[in-house]
1. Output the residue which, of all residues in the stretch B:102-128 that are part of a loop (DSSP other than H, G, I, E, B) and over 16 Å from residue B:147 (Cβ atoms), is nearest to the chain's Cα centre (by Cα).
2. Keeping to the stretch C:270-284, report how many residues are out of contact with any strand residue (DSSP E or B) (no Cβ under 7 Å at 6 or more places or on another chain) and within 9 Å of another protein chain (Cβ to nearest Cβ).
3. Restricting attention to the stretch B:83-94, does a residue exist that is touching a strand residue (DSSP E or B) at 6+ places or on another chain (Cβ under 6 Å), in a loop (DSSP other than H, G, I, E, B), more than 14 Å from chain C (Cβ to nearest Cβ) and under 24 Å from residue B:43 (Cα atoms)?
4. Residues that are in a loop (DSSP other than H, G, I, E, B), away from every other protein chain (no Cβ under 11 Å) and touching a helix residue (DSSP H, G or I) at 6+ places or on another chain (Cβ under 8 Å): does the stretch B:68-82 have at least one?
5. Scanning the stretch C:55-67 for residues that are in a loop (DSSP other than H, G, I, E, B) and buried (at least 22 other Cβ atoms within 10 Å of the Cβ), which turns out farthest from the chain's Cα centre (by Cα)?
6. Check the stretch C:285-300 and report whether any residue there is within 25 Å of the chain's Cα centre (by Cα) and within 7 Å of chain B (Cβ to nearest Cβ).
7. Looking only at residues in the stretch C:322-348 that are in a helix (DSSP H, G or I) and facing another protein chain (nearest Cβ under 10 Å), which one is nearest to residue A:165 (Cα to Cα)?
């Protein structure tokens, strides 16, 4: 069987996810042994439009992006959204809560009107996405697992339960019991509750868990000592494109 | 059995010997046990099949018990990760199985009685095991009726086999589809519409075995009860997520019952009171 | 069985000896108000007055993630994986011992779960009478305040520097005598232990069922259609926290992972929970418990009826962990059972 050809692309984002993949180093070589990389700016030079699997990073923020993404979709048998920006819109969607002239001037200054831009959105708002590697940044090990699933012809498995599960598995003390806020209750697991295990709280970078009970979550988050503004900011941080953001 | 290294989670290898396409969605797989022994299952039991690296899933055994052969059959709809991976296998490929697990249709109870087999959708797959086992001992049973209901004609499976059965005269075959197309000449309607077509049914000596989609049971059972068949003469096989097959993992619970060890075949009397069963 | 008196000053030596051959876990403070069993090291301050270990001891016998088999994709050979490090759990409260006894029955019964059996065999349980009661606990009222078996030693603190130690197994006695010179407990010491127990039992009665716990299965049998399930489950986040922190919950999922050469792999199990949305979903996405209230009710039936029907005990030992863990404030067996009792008051 011919090795599947894979290519990496990026839109509005920091390329941090591709960097995570590059950081896999030796593991990357093993995995890449099963595929042929035709385009990967962080690792190899050159580019080709002949590929089976496209890993796409970044969100769609300009009308012009759509055409390029649709072209990628047309070429690829499997399109994988890589990272929060691509999968859920991520922090790029913060701008969606500001007036267009405000953020355009902030970014492009006096030349703002030369650059067309619109509300940031995830890939799935434009084309069909076959699989997602969630997270900001992505977890290299999860990328490896999802890639292996694809190589085995298997629909990649990503957890369909919230971060709480992994927090309990890790034995962490719940942030809410410490009087703090945390988005783990509505966020898709798979990170191993990384942020909470490090003493922080969940920011929601992996997107909403399927069937998230947002009404209940809002009541849970609305506690004495937490301002509504703080809740809103947290929900907008990564989840701006979802129904969670107020 | 070496108790030092025994684990109930370790599958044993079987080899795919034949793969037959039954419909656009369903394929029959014939496997051979590498240990050379017959599977020694009873009609209605299931195995947990592993495609290593992809996962493990439960499948009803479709072939009747065989005392002298080490082969067995399952038929699979391409619907989840394991079934998709199975469709990519070619003869010669190896997979792992655990089991057979679970309860079976109480064939001994059916001896000397009339037998009604109700197969909705893919329900024919596990019921085949029972049907052909009974046909092998045809003289021990009274009248045998097979009812087959399918959503659309193109989803029908084992079409030739069922036609053959109807011709043989050993079994009365009644078939229906919910949504006919222009090619379909037979009965139209849900499977319950077939039951009134069974003439001269003797409810006191008729035993019913049924397998089908979750929605089917309630209606067919009600219809059977209407015809006067007692609930302890009705046997159903229920599908749940039978992950471990050992009554441990909890996924297949119906109230307090573990479908994998207390089922999948239940006498209707035993589950009538369980709200989650049907 | 014999009871000995042991003094605090003997402990460092005993612990040191034990930890030569065992991983030793003892109660310690994580932060103000939070305690857990942690790996012992010399000098570690033991939290003698801990109210509840934040994480239930099941993780030592049934880890959150555990390999079951290894396999080779090319040959389709599979081998079992067993891991059973010798360990001592020191400071297990009686309700948690009770929970372990229950896991023993359920996982060793039928087709024994060899992975659990082996870990259990390699584990020494040193029970410890609590001095304080967690504000969410109600173990005294569900018959889990005392435990008659399932421990190798049972420690009771009878004074600032003294313990009585009841022997539960030969293994326990052997471990206790490693530093020689065992002193049988005097009648006075035993009386001290009895009083210590009575004191804490009294305090634990503060949160109580309004009825005899043995009525729970009969109560639930009447409450399948109670409006309570829907009322509470509206707030359910389906996060599974109540399942995962429960010392008697043991449901698991099984998954495969292959190495980067796509050759060999591991099949492992991971904690799962019936409150998670996809728990009863089969291939093809039919969900046998699609609604939050189905799942919510299932959990309480499992705790209050199904387990009882199997082994004659409640599946809830009243540790109160789920009450704390539920951010939505709906996981509370005591409250749920009491409210159902009130709801059906006209019938009794």
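The values are calculated or read from the model by the stated rules, or taken from the named source; none is laboratory data. Bear in mind the structure is a predicted one, so any value in this text is a computation, not a measurement. Neighbour counts are summed over all protein chains in view; Cβ atoms, including those assigned to glycine, are modelled from backbone coordinates with ideal geometry.
1. Within the stretch B:102-128, the first condition is being part of a loop (DSSP other than H, G, I, E, B), and the residues that meet it are B:102-106, B:111-113.
Applying the additional criterion that residues be over 16 Å from residue B:147 (Cβ atoms) yields B:102-104, B:106, B:111-113.
Numbers: B:102: 12, B:103: 12, B:104: 10, B:106: 14, B:111: 20, B:112: 22, B:113: 20 Å.
It comes out as B:104.
2. Start the filter on the stretch C:270-284 by keeping residues that are out of contact with any strand residue (DSSP E or B) (no Cβ under 7 Å at 6 or more places or on another chain), which leaves C:273-279, C:282, C:284.
Next, from what is left, pick out any that are within 9 Å of another protein chain (Cβ to nearest Cβ): C:273-274, C:276-279, C:282, C:284.
Residues in the stretch C:270-284 being out of contact with any strand residue (DSSP E or B) (no Cβ under 7 Å at 6 or more places or on another chain) and within 9 Å of another protein chain (Cβ to nearest Cβ): 8 in total.
3. No: zero hits.
4. no
5. So the first thing to find is which residues in the stretch C:55-67 are in a loop (DSSP other than H, G, I, E, B), and the list is C:55-57, C:62-64.
This time we only want the ones that are buried (at least 22 other Cβ atoms within 10 Å of the Cβ), so: C:55-57, C:62.
Numbers: C:55: 9, C:56: 5, C:57: 5, C:62: 10 Å.
Filtering first and then ranking leaves C:62.
6. Taking every residue of the stretch C:285-300 in turn, none turns out to be within 25 Å of the chain's Cα centre (by Cα) and within 7 Å of chain B (Cβ to nearest Cβ).
7. Going residue by residue through the stretch C:322-348, those that are in a helix (DSSP H, G or I) are C:322-325, C:333-343, C:345-347.
Now drop any that are not facing another protein chain (nearest Cβ under 10 Å), which leaves C:324-325.
Numbers: C:324: 15, C:325: 11 Å.
Residue satisfying both the conditions and the ranking: C:325.
Listed here are the residues, each with its yes/no results for (1) free of Cβ contacts under 8 Å to residues at least 40 places away in the same chain; (2) surrounded by 14 or more Cβ atoms within 10 Å (Cβ to Cβ); (3) under 20 Å from the mean Cα position of the chain (by Cα).
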position	(1), (2), (3)
A:201	yes, yes, yes
A:212	no, yes, yes
A:230	no, no, no
A:239	no, yes, yes
A:242	no, yes, yes
